[in-house]
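Contents: one structure, followed by commentary.
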Amino acid sequence: MKESVPDIMRGFGGLFQAVMKEGALSVREKELIALGIGLAVRCVPCINLHVEKALQAGATEEQILEATGVAVMMQGGPTFTHVPHVIHALEHLRKAQ
């Protein structure tokens, strides 16, 4: 995408960096929120990215799974069906360490 739509990528990248930096909310908190939204909209690439970034920001697996539970509670069955993606991402990243 960087080659095909460089302006869009620069714009999105700038927005991402501006929003996801430390502020009134920590990066960890923002990543957990982003994970919950990724689950709610059933975006598997978003789920994978934000599980990884949440871990990098210091979130524990327990915190990630608890945030996942909040997303399920708010969004219901369709989100519940995506919980295995969170578990798979955690397992994959654990093995990669």
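For labels at residue 97 and residue 42 in the simple 7 Å Cα→Cβ model, what's the distance in nm?
3.2
Residue 30: net charge of surrounding residues, Cβ under 13 Å, Lys/Arg +1, Asp/Glu -1, itself excluded?
Values: positive: 21, 28, 53; negative: 22, 29, 31.
Charge balance near residue 30 sits at 0.
Using a 1.4 Å probe on the protein heavy atoms, what percent of the accessible area of the chain belongs to carbon and sulfur?
62
So what is the calculated 222 nm ellipticity per residue for the chain, using -39500 (n - 2.57) for each DSSP H run with n of 4 or more, over all residues, to the nearest 500 deg cm²/dmol?
For the chain, the value works out to -24000 deg cm²/dmol.
If the cut-off is 17 Å between C-alpha atoms, which aspartates and glutamates fall inside it for residue 53, apart from same-chain ones fewer than 8 positions away?
Within the straight-line limit of under 17 Å, residue 53 reaches these aspartates and glutamates: 22, 29, 31, 61, 62, 66, 91.
Please report the relative contact order for the chain, taking Cα pairs under 8 Å with a sequence separation of at least 6, and give it as a percent rounded to a whole number.
For the chain, the relative contact order is 26 percent.
Roughly how big is the chain's charge dipole about its Cα centre, with Cβ charges of +1 (Lys, Arg) and -1 (Asp, Glu), in debye to the nearest 20?
160
The values are calculated or read from the model by the stated rules, or taken from the named source; none is laboratory data. None of these values were measured; they are calculated from a predicted model. Backbone-built Cβ (ideal geometry, glycine too); neighbour counts: all protein chains shown. When the accessible area is computed, the model is the full protein with side chains, heavy atoms only, and any ligands, DNA or RNA have been set aside. Shrake-Rupley method; radii C 1.70, N 1.55, O 1.52, S 1.80 Å.
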